[in-house]
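Readers should treat all values here as calculations from the given coordinates under stated rules, not as data from a laboratory. All values derive from a computational prediction rather than experimental measurement. Positions of Cβ are generated from backbone atoms using ideal geometry, with glycine treated the same way; all protein chains shown enter the neighbour counts.
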Amino acid sequence: MINVNAKVFVAGHNGMVGSAIVRQLNKLGYNNIITRSRDELDLTNQQAVIDFFKEQEIEQVYLAAAKVGGILANNSFPASFIYENLMIQCNIINASHCSGIQKLLFLGSSCIYPKFAEQPMGESSLLTGKLEETNEPYAIAKIAGIKLCESYNRQYGRDYRSVMPTNLYGPFDNFHPENSHVIPALIRRFHEAKINNDKEVIAWGSGKPMREFLYVDDMAKASIHVMNISDDIYNENTDSMLSHINIGTGVDCTIKELVHTVAKVVGFEGAIKFDASKPDGAPRKLMKVDRLKHLGWEYTTSLEDGLELAYSWYINNIDKARG
C-alpha cells in the first residue's frame, strides 16, 4: 500500500532511471523524497554512505544509481563497470540494513541473463549459461546486487526487492556519440544528419539482432508498483533465491526496424546503411513478463510514442543532452 508520507531516498536521481522514479513519486503525491548528487555524496565511498544513512531517517530506498553505457563503453572500461557498480550496491544495501531500513528496491538490467538464454527470458534463466562478453562485468555486478538483496532477506528478514528492466530510453538519457545506448545514439545521429542535410547515416551492426525497449516512465511506474505490493502477494509470486522481477513490454523488434523508426520520428529522409563489421551483441533479448503481469502491471507507452517523447525531450534540452 502506498504511503506518500514515507521518507524515500532515490539513489541516482540525476540519471535517466532515477529521475523517472522521482517524477512518478511526485505525481503520486510523495512529499518527503531525499536525493543527493554525485558531488554531494560519493556512493562508492563506504564511510560517506554510512554517515549519510546515519544522518537521515529513511524508510524506503530506490537503488537506481549505476555506472551505465553502451557496447563501446562496456568494452573499453570493464574494470570501471564492475568495480563502481559493486561498490555502489554494496554500500547502499548494507548501509540500509545497518540503519534499520526494511524496504529497498534494487534496479538491475536484462543483461543479467545468458547470451543464448531461451527466448523470451524468464526469471528462471538467471545463472543458467554464459553471459554476453561485451557487458559481462556490468552483468556480474547486477547479479551480485540481486543476490545481495536476497541474502539480507534470508539472513535478516529484510524486504529488499529487485527488478530487472529491459532496454530503457527517455528523458535524461545519455546521448554521448560514443558511450551511449542504441536509441539515444540513433536519435542524436539522425538529428545531426537532418540538421546538416547529410545524405546518408551509417548504423552499427547488421541490423538483425532483436531487442525490446521500454519507455523509462513506464519502468518507473512498474518499480513503484513492485515496491508497494503487499508482502503476502510478493512472496506468493517469487522465490527467496529467485526473487527478481522482469520489467518490460514482452514485445521486440529488429535493430533495423528500430533504426528506421527513429529516422521516421526524427524526420531524416536520407539513406541508411548498416556497418556489419561493428559488433551486434546478443542475437535476441526479449523479456518474459508474465510474473509482472500476474502482479498487476503492464506497459502503456508504444515504441513510436515513446521515441517521439524522447526526441522531443532531446531537442528541448539539446545542450544538456549532449553534455
Review point. Excluding same-chain residues fewer than 8 positions from Lys288, which aspartates and glutamates have a Cα within less than 14 Å of its Cα?
Key: Glu118, Glu123, Glu212, Asp252, Glu298
Exercise for review: Using only Cα atoms, tell me the angle between helix 255-266 and the longest principal axis of the chain; keep it within 0 to 90° and round to the nearest 10.
Suggested key: 80
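Please list the equivalent ellipsoid semi-axes of the range 85-157, computed as the square roots of five times the alpha-carbon gyration tensor eigenvalues, in descending order and whole angstrom.
26, 13, 8
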Study note, to complete from the structure: Residue separation between Asn316 and Glu200 times 0.36 nm, minus their alpha-carbon distance, gives in nm 39.3 nm
Check your understanding: Given the C-alpha centroids of the range 195-261 and the range 27-75, what is the distance between them in whole angstrom?
Key -> 22
Review point. Taking the alpha carbon gyration tensor of the range 164-251, what are the square roots of 5 times its eigenvalues, largest first, to the nearest whole Å?
Key: 36, 14, 9
**Study point:** Contour minus Cα-Cα distance for Lys273 and Glu304 (0.36 nm per residue)
**Key:** 9.1 nm
Point to revise | Label-zone membership for the range 96-134, site Ile50, 7 angstrom Cα→C-beta point, backbone N under 17 Å | key: 96-101
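Hey, any idea what the orientation-averaged projected area of the convex hull of the range 216-271's Cα atoms comes to, in nm²?
So the Cα hull casts an average projection of 5.6 nm².
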Exercise for review: Report the calculated FRET efficiency for Arg38 and Ala79 (r = Cβ-Cβ distance, R0 = 22 Å), to the nearest 0.05.
Suggested key: 0.70
Check your understanding: Around Ala203, what is the net charge, scoring Lys/Arg as +1 and Asp/Glu as -1 over all other residues with Cβ under 9 Å from its Cβ?
Key -> +3
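In whole percent, what relative contact order does the chain give with Cα contacts below 8 Å and a gap of six or more residues?
Reported as a whole number, the value is 20 percent.
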Review point. Using 1/(1 + (r/R0)^6) with R0 = 35 angstrom and r between the beta carbons of Tyr156 and Asn14, what's the FRET efficiency to the nearest 0.05?
Key: 0.70
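As a test, work out the antiparallel percent of DSSP beta bridges whose residues both lie in the chain, rounded to the nearest 5.
Expressed as a percentage, antiparallel bridges in the chain total about 10.
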Check your understanding: Binning every alpha carbon pair distance of the range 245-285 at 5 Å from zero, what are the percents per bin?
Key -> 5, 16, 22, 23, 17, 12, 4, 1, 0
**Study point:** Rounded FRET efficiency, nearest 0.05, which uses the C-beta distance separating Asn3 from Lys293 and R0 of 22 Å
**Key:** 0.35
Revision key, fill the gap. Its Cα gyration tensor gives the range 8-322 an equivalent ellipsoid whose semi-axes in whole Å, largest first, are 32, 21, 19
Point to revise | Cα-centred dipole magnitude for the range 269-323, charges only on beta-carbon of K, R (+1) and D, E (-1), debye, nearest 20 | key: 360
**Study point:** Global size of the range 1-132 as Cα Rg and Dmax, reported in angstrom
**Key:** 16.2, 46
